[in-house]
Amino acid sequence: MTTVALAVTDGMLHLELSLAYEVFGTDLTHVADPWYDFAVCGAGAVRVGRFLVEPDHGLDHLARADTVIVPGWADVDAAPPADLVDAVRAAHDAGARVASLCTGAFVLAAAGLLDGRRATTHWAHTRALADRHPRVRVDPDVLYVDGGSVLTSAGKAAAMDLCLHLVRLDHGASIANTVARRLVVPPHRDGGQAQFVTAPLPAPGHHPLAELLPWVIERLDRPLTVADLARRARMSTRTLGRHFRSVTGTTPLQWLLTERIRHAQALLETTDDGVDAIAAATGMGTATTLRRNFNRVVGVPPDTYRRTFRARTAPGPALRTG
């Protein structure tokens, strides 16, 4: 996936457009070479908020891209422009991977790309998406959905999560983490996490799990249970689960599995350790358990993952969520 095209038209949300431009349009050949060949595509000069954007190419150029990004669409009560919808559909028909950010999902739905698929958008507009497009299986409770050739994200920060997920799929976990550090954002949030948690995410070091999470990450080689975590945090398992949902948007076991898989990815990318050794180092116990969980979560076996990403300066497809 070397070419990325950003589909633009009047009325798109400037933050989501800017996020995509920052991740894919910035020259990061010092991080991974080659980086993406990036193009902004539109029918002409378009107004995004107070800014005027001059596209590099027309909308027909979308069909030449490996990946097409559709930013958020501001007026979800209005039908997206027909030429944009037709161009996005043509790009997908030509084999492009198509990803929407926030309410860009309304464009993909209008193009018929979400029919029969699980998809998401900003939580405030999931009902409208479901009502207008009843063939779409709208999931209002996730950050993003990876459906393979079609991906959708919730709003704002979740749009960045999806962009980093795409980088991780194309260049591996290490490169994606490097890009995240450059942008000063979390390196990975699983798409299955809740997009709307019961309490605002607290600042690092100022939440009930601030001491527990680093303690767990340093002990991923051990067979930790929810009871172990609750005992360490000095709270009941029910209270622990409530805090995990509030702080991370997921359950203790799902968070722990995600961290184990991430650690396994890093070891596959950066060491010559065998699968048995990596299973022990990640608390999976046996190579069979590691292979089963890794294949289910990442989508490929550990050996395939290593062959795919080991040769690069950084690695690994992100966790598959669709």
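The values are calculated or read from the model by the stated rules, or taken from the named source; none is laboratory data. This one's a predicted model, so the numbers in the text were calculated from it and none came from an experiment. Backbone-built Cβ (ideal geometry, glycine too); neighbour counts: all protein chains shown.
Observations, loosely collected:
Matching residues to (1) buried (at least 17 other Cβ atoms within 10 Å of the Cβ); (2) part of a loop (DSSP other than H, G, I, E, B):
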site	(1), (2)
Ser18	no, no
Phe24	yes, no
Leu28	yes, yes
Leu52	no, no
Val68	yes, no
Ala79	no, yes
Arg89	yes, no
Gly104	yes, no
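- Note on the stretch 127-138: residues that are within 11 Å of Val76 (Cα to Cα) and under 22 Å from the mean Cα position of the chain (by Cα) amount to 1.
- Here Thr248 qualifies as among the polar types (S, T, N, Q), modelled with pLDDT under 90 and assigned by TED's automatic domain parsing to the domain that holds Thr282.
Residue-wise test of (1) of a type in the set (A, V, I, L, M, F, W, C); (2) closer than 24 Å to Phe38 by Cα.
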position	(1), (2)
Pro80	no, yes
Ala90	yes, yes
Ala119	yes, no
Arg132	no, no
Val150	yes, yes
Lys156	no, yes
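- Residues in the stretch 138-152 include none that are among the acidic types (Asp, Glu), in contact with a helix residue (DSSP H, G or I) (Cβ under 7 Å, 6 or more places away or on another chain) and either farther than 18 Å from Val4 by Cα or part of a helix (DSSP H, G or I) (or both).
- Check on Arg296, among the basic types (Lys, Arg) and at pLDDT below 90: yes
- Answer residue from the stretch 149-159, given it is surrounded by fewer than 24 Cβ atoms within 10 Å (Cβ to Cβ) and either outside the structural domain of Asp66 (by TED's automatic domain parsing) or modelled with pLDDT of 90 or more (or both) and is farthest from Ser100 (Cα to Cα) among those: Ser149
- Matching option when the condition is out of contact with any helix residue (DSSP H, G or I) (no Cβ under 8 Å at 6 or more places or on another chain) and modelled with pLDDT of 85 or more, among Pro204, Pro200, Pro214: Pro214
So that you can scan it fast, the table gives a plain yes or no per residue for (1) out of contact with any helix residue (DSSP H, G or I) (no Cβ under 8 Å at 6 or more places or on another chain); (2) under 19 Å from Lys156 (Cα atoms); (3) of a type in the set (Phe, Trp, Tyr):
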| site | (1), (2), (3) |
| --- | --- |
| Asp56 | yes, no, no |
| Ala65 | no, no, no |
| Ala82 | yes, no, no |
| Gly116 | yes, no, no |
| Trp123 | yes, yes, yes |
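- Verdict on Arg312 being modelled with pLDDT under 90, basic (Lys, Arg) and more than 18 Å from the chain's Cα centre (by Cα): yes
- Residue within the stretch 173-181 that is of a type in the set (Lys, Arg) and touching a residue at least 24 places away in the same chain (Cβ under 8 Å) present: no
- Of everything listed in (1) modelled with pLDDT of 95 or more; (2) within 18 Å of Leu169 (Cβ to Cβ); (3) of a type outside the set (Val, Ile, Thr), the single unmet condition for Ala32 is (1).
- Scanning the stretch 275-301 for residues that are of a type in the set (Val, Ile, Thr), crowded, with 16+ Cβ neighbours inside 10 Å and in a helix (DSSP H, G or I) turns up Val275, Ile278, Val297, Val298.
- Candidate set: the stretch 34-49, residues that are assigned to a loop (DSSP other than H, G, I, E, B) and in contact (Cβ under 8 Å) with a residue 12 or more places away in the chain; chosen: the one farthest from the chain's Cα centre (by Cα): Ala43
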